[in-house]
Amino acid sequence: MKGPSRRARGPKPTPRNARIAQRRADERGSPITFGEPGRTPKARKEPLHLPHVVIVGGGFGGLYAAKALRHAPVRITLLDRKNHHLFQPLLYQVATAGLNPAEIAAPIRRVLRDQRNVRVLLAEVTGVDPKERTVTSSAGTFGYDYLIVATGASHSYFGHEEWAAMAPGLKSLEDALEIRRRVLLAFEKAECCAPSQEERAAWLTFVIVGGGPTGVELAGTLAEVAHHTVANDFRVIDPTAARIVLVEGIDRVLPTYSALLSARAERQLQRLGVEVRTNARVTGIDAQGVQIGEERIAAKTVLWAAGVKASPLGQALGAPLDRAGRVKVSPDLSVPGHPEIFVIGDLAVLEQDGSPVPGLAPAAIQEARHTAKNIVRSIQGEERRPFRYLDKGTLATIGRNAAVADLGRLELSGFVAWLAWLLIHVFFLIGFRNRLLVLFDWAFSYLTYERSARLITGDGPKAAPAEPAPRR
């Protein structure tokens, strides 16, 4: 007697089909049978009975928290309004046409697809109710047993929000592409549409406001673009005559570094042709330039790297905030009065040895892993442990063969610091493919001075047409 046909028995129980079917069953909250009756794939049972951890944000803090809970007895829902994790330290490379967006970003679903206890949702969180333990989002309302908020920070224009349209900051891929568009378009406008020498000079003047790592990296790379990458590409203008101005409000660039490294960074910038202006506070920005006290700099391209403010979601937690809107967390990174809520990354502020834990990717990763361990301790009835940041050093690149590195007792600058910066950033990129592509692009750029992503995309703000300049 013949047994049932393949169609009657159901699909062949391959590992991939089993994973898909079990994931769907987890979403329904019930175990399933796959293939033959009475047989279940290897997976946790009764998932809805496990503590529910909601993570808001898929940056360094949120993503590494989810990964650290991989083997924990919890259900995880990760919410982010973007579908990708972004390696922010290399955003300036996209903004200056050195890398393509996909080389520094990875879909969150792809990163976590093999982690069975996590569900990823594309949604924007609009509110948190600590009393009811719920999170409200565009995908619905979610209850939680533990909440991890890692929504980061955005640009701060120090009360001058009207400057944002004229001076974009650098926090997202959209920001990077807009900066790339403005920078490349400035050279094109100077070539074709500047009727006077003054207007041509304005198109070839780039002002970067803020002398921190982002401002320094942008300034140094823009100088390389002007002096090497596009130096021979135009017939009317001389791109090497471009003016790169870095404006810092206090007495030195890279103020979080030692005075020695700041001085070395400034000298390296000047060798690249960057005009460094310290003790210079911007008092006005418009479409035609920048006002610095009584001085006016005519510039068509202004970039903002001067300040950040915390995500507004911190205000919904009912926790004390600092002047920048960051949540003042307890030593275990939880919200005072709400031990089930944790805040990590740029949204959190915690004093350690008299100074706040820096808003850097390594700090967010350490906070994420520590929070995951504390959640497991709480589930097991153990006492939580306070967070202790291990400072492994900071690095900032300035340009080709130029960087500074503060490694505690060891301070480096020049080629050695630049090589250390390169290797560390490649190591922390998500995915082997991204590491390989970035290494290839950097090697190509190093040997040829070319930049692989010189594409002007997007229409940008509409402007009145100008008369083309006569060809000389």
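The values are calculated or read from the model by the stated rules, or taken from the named source; none is laboratory data. If you're wondering where the values come from, they're calculated on a predicted model, not measured in any experiment. Heads up, the Cβs are rebuilt from the backbone with ideal geometry, glycines too, and the neighbour counts pull from every protein chain shown.
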Exercise. Assuming residue 395 fulfils every condition listed in (1) in contact with a helix residue (DSSP H, G or I) (Cβ under 6 Å, 6 or more places away or on another chain); (2) assigned to a loop (DSSP other than H, G, I, E, B); (3) not hydroxyl-bearing (Ser, Thr, Tyr) apart from one, which condition is it?
Worked result: (2)
Seminar exercise, completed: Within the range 224-249, residues over 13 Å from residue 187 (Cα atoms) and part of a helix (DSSP H, G or I) come out as 224, 228
For this session: Name the one entry in 272, 313 that is closer than 30 Å to residue 136 by Cβ and either surrounded by fewer than 16 Cβ atoms within 10 Å (Cβ to Cβ) or not hydroxyl-bearing (Ser, Thr, Tyr) (or both).
Result: 313
For this session: Within the range 373-402, count every residue that is of a type in the set (A, V, I, L, M) and without any contact (Cβ under 8 Å) to a residue 40 or more places away in the chain.
Result: 2
Problem set entry | Subset of the range 136-178 that is among the hydroxyl-bearing types (Ser, Thr, Tyr) and closer than 17 Å to residue 281 by Cα - its residue that is farthest from the chain's Cα centre (by Cα) | 157
Exercise. Which condition breaks for residue 166 when tested against (1) surrounded by fewer than 17 Cβ atoms within 10 Å (Cβ to Cβ); (2) touching a strand residue (DSSP E or B) at 6+ places or on another chain (Cβ under 6 Å); (3) of a type outside the set (S, T, N, Q)?
Worked result: (1)
Exercise. For residue 32, which of the numbered conditions (1) modelled with pLDDT of 95 or more; (2) part of a loop (DSSP other than H, G, I, E, B) fails to hold?
Worked result: (1)
Exercise. Which condition number in (1) in contact with a Leu (Cβ under 6 Å, 6 or more places away or on another chain); (2) surrounded by fewer than 24 Cβ atoms within 10 Å (Cβ to Cβ); (3) part of a helix (DSSP H, G or I) is the one that residue 92 fails?
Worked result: (2)
Exercise. If you go through the range 296-305 one residue at a time, how many are in contact (Cβ under 8 Å) with a residue 12 or more places away in the chain, assigned to a strand (DSSP E or B) and within 21 Å of residue 200 (Cβ to Cβ)?
Worked result: 5
Seminar exercise, completed: In the range 438-453, residues that are surrounded by 17 or more Cβ atoms within 10 Å (Cβ to Cβ), in a loop (DSSP other than H, G, I, E, B) and not polar (S, T, N, Q) total 2
Exercise. Would you call residue 263 out of contact with any helix residue (DSSP H, G or I) (no Cβ under 6 Å at 6 or more places or on another chain) and closer than 25 Å to residue 407 by Cβ?
Worked result: yes
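Let's see how each residue does on (1) within 26 Å of the chain's Cα centre (by Cα); (2) at pLDDT 95 or above; (3) not aliphatic (A, V, I, L, M):
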{"position": "207", "(1), (2), (3)": "yes, yes, no"}
{"position": "215", "(1), (2), (3)": "yes, yes, yes"}
{"position": "218", "(1), (2), (3)": "yes, yes, no"}
{"position": "232", "(1), (2), (3)": "no, no, yes"}
{"position": "247", "(1), (2), (3)": "yes, yes, no"}
{"position": "262", "(1), (2), (3)": "yes, yes, yes"}
{"position": "274", "(1), (2), (3)": "yes, yes, no"}
{"position": "278", "(1), (2), (3)": "no, yes, yes"}
Exercise. Taking the range 204-214 as the region of interest, how many residues are surrounded by fewer than 24 Cβ atoms within 10 Å (Cβ to Cβ) and not in a loop (DSSP other than H, G, I, E, B)?
Worked result: 2
For this session: Of all residues in the range 327-364, count the ones that are assigned to a helix (DSSP H, G or I) and crowded, with 21+ Cβ neighbours inside 10 Å.
Result: 5
Exercise. Does the range 277-289 contain at least one residue that is within 15 Å of residue 219 (Cβ to Cβ), in contact with a Lys or Arg (Cβ under 8 Å, 6 or more places away or on another chain) and crowded, with 20+ Cβ neighbours inside 10 Å?
Worked result: no
For this session: Counting only residues that are of a type in the set (A, V, I, L, M, F, W, C), give me the strands (runs of 3 or more DSSP E) lying completely in the range 140-196 with at least 2 of them.
Result: 146-149
For this session: Could you check, for the range 389-405, whether at least one of its residues is crowded, with 17+ Cβ neighbours inside 10 Å and within 28 Å of residue 77 (Cα to Cα)?
Result: yes
Problem set entry | Residue in the range 89-108 that is free of Cβ contacts under 8 Å to residues at least 60 places away in the same chain and of a type in the set (D, E, K, R) present | no
